[in-house]
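Remarks on the structure that follows.
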Amino acid sequence: MDRTWCSYNESLVKRGEFFISLEFLETWFEELAAMNTKKRGRPYEYPNGLMQFCSVIYTFFGLPYRQTEGVLRGLGKRFGFPAPDYTTPFRRMQKIEFDIPQTDEPIVVALDSTGIKVTTRGEWMHKVWNGEERKGWIKVHISADVRTKKLCAIEVTNEKCHDCQVFPKLLEPVPRIADVLADGAYDTRECFNYLDKRGVGPPGIRVRDNASTKPHRCWLRQQAVLERRKLGYKGWKEKHDYGMRWPGSEGIFSAVKRCFGESVRATSQDGMVREVKRRFCLYSLLL
């Protein structure tokens, strides 16, 4: 893949600006006024912008909540804003929702899934030395724009959920789909029928080599199988540019795990889901 290294290096440098952005100070009072309008009960003392900044510190730098409070104290003394105690970010960060922007242009979407450990201990050590059963994995399903490498949708499930079960949820937020690139886990009648309803032509979903050419109540899959046999795997791969599936989905998994690690810090199930979604949404914002 061709890359202009000067612009690429500059994009990596600007990520540091995102980490320590204090833009919330410029809209502190306006944001609080809007948040407290028609609010019942105790008014908010800290804007959502500050809580988003706390989530960046907590997520990217891996600081516990008490150390995050220490960072806010130091910044508060320097820039003149009140720092909350660590319990406030703990409560407010659970309610923060990161919007995933969408485009109205037709895009090629890549889909894939990966596993996230729920503990930093190895599975063998956890079972042998602690005498406990394995805790399993968290399974992260994403859809991404292969051109911009930005996230389109994310779903977090347990390890027993099959990829095809969340296929519609990953594509529903995308207004217009030009093509879909995915591996054989999505080679099901339900997935192809969903794309047929969305008006997508034969997608770049890798069908089985011995797939039947009969429709079996799924005409779109029949067209995909016939296309694959006519072009051969190499021709089919070149037509759909199937190689872009790796940077579009697996590349995001690799980058997120390098930045944040392969395990979660939260202990509750809801906390794990929120933490994983926060990681992927924040990484997408960096792009």
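Values computed for the structure shown
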{"quantity": "Leading residue by the ranking (modelled with the highest pLDDT) among those in region 116-175 that are closer than 24 Å to Met244 by Cβ and of a type in the set (Ser, Thr, Tyr)", "calculated": "Ser143"}
{"quantity": "When residues of region 237-251 are limited to those that are at pLDDT below 90 and touching a strand residue (DSSP E or B) at 6+ places or on another chain (Cβ under 7 Å), the one farthest from Ile116 (Cα to Cα)", "calculated": "Gly248"}
{"quantity": "In region 227-241, the residues that are under 20 Å from Pro215 (Cα atoms) and out of contact with any Pro (no Cβ under 6 Å at 6 or more places or on another chain)", "calculated": "Arg228, Arg229, Lys230, Leu231, Gly232, Trp236"}
{"quantity": "Any hit, region 243-254, residues being touching a residue at least 12 places away in the same chain (Cβ under 8 Å), in contact with a Lys or Arg (Cβ under 9 Å, 6 or more places away or on another chain) and surrounded by fewer than 19 Cβ atoms within 10 Å (Cβ to Cβ)", "calculated": "yes"}
{"quantity": "Residue within region 269-287 that is within 20 Å of Ile100 (Cα to Cα) and outside any helix (DSSP H, G or I) present", "calculated": "yes"}
{"quantity": "Residues that are β-branched (Val, Ile, Thr), touching a residue at least 40 places away in the same chain (Cβ under 8 Å) and surrounded by fewer than 19 Cβ atoms within 10 Å (Cβ to Cβ), drawn from region 47-86", "calculated": "Val56"}
{"quantity": "For Phe81: the one exception among (1) within 20 Å of Val276 (Cα to Cα); (2) hydrophobic (A, V, I, L, M, F, W, C); (3) at pLDDT 80 or above", "calculated": "(1)"}
{"quantity": "Of all residues making up region 134-165, the number that are in contact (Cβ under 8 Å) with a residue 40 or more places away in the chain and buried (at least 17 other Cβ atoms within 10 Å of the Cβ)", "calculated": "15"}
{"quantity": "Selection status of Pro215, touching a strand residue (DSSP E or B) at 6+ places or on another chain (Cβ under 7 Å), surrounded by fewer than 18 Cβ atoms within 10 Å (Cβ to Cβ), outside any helix (DSSP H, G or I) and assigned by TED's automatic domain parsing to the domain that holds Asp145", "calculated": "no"}
{"quantity": "When residues of region 240-268 are limited to those that are in contact with a helix residue (DSSP H, G or I) (Cβ under 6 Å, 6 or more places away or on another chain) and in a helix (DSSP H, G or I), the one farthest from Ser55 (Cα to Cα)", "calculated": "Val256"}
{"quantity": "Pair list, Cβ < 6 Å and 6+ apart or interchain, from region 201-222 residues that are within 20 Å of Ala110 (Cβ to Cβ) to residues that are among the hydroxyl-bearing types (Ser, Thr, Tyr)", "calculated": "Gly204/Tyr242; Ile205/Tyr186"}
{"quantity": "Test: residue in region 219-233 that is surrounded by 13 or more Cβ atoms within 10 Å (Cβ to Cβ) and in a loop (DSSP other than H, G, I, E, B)", "calculated": "no"}
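The values are calculated or read from the model by the stated rules, or taken from the named source; none is laboratory data. Quantities reported herein were computed from a predicted structural model and do not represent experimental measurements. Note that each Cβ is placed from the backbone with ideal geometry, even for glycine, and that neighbours are counted across all protein chains shown.
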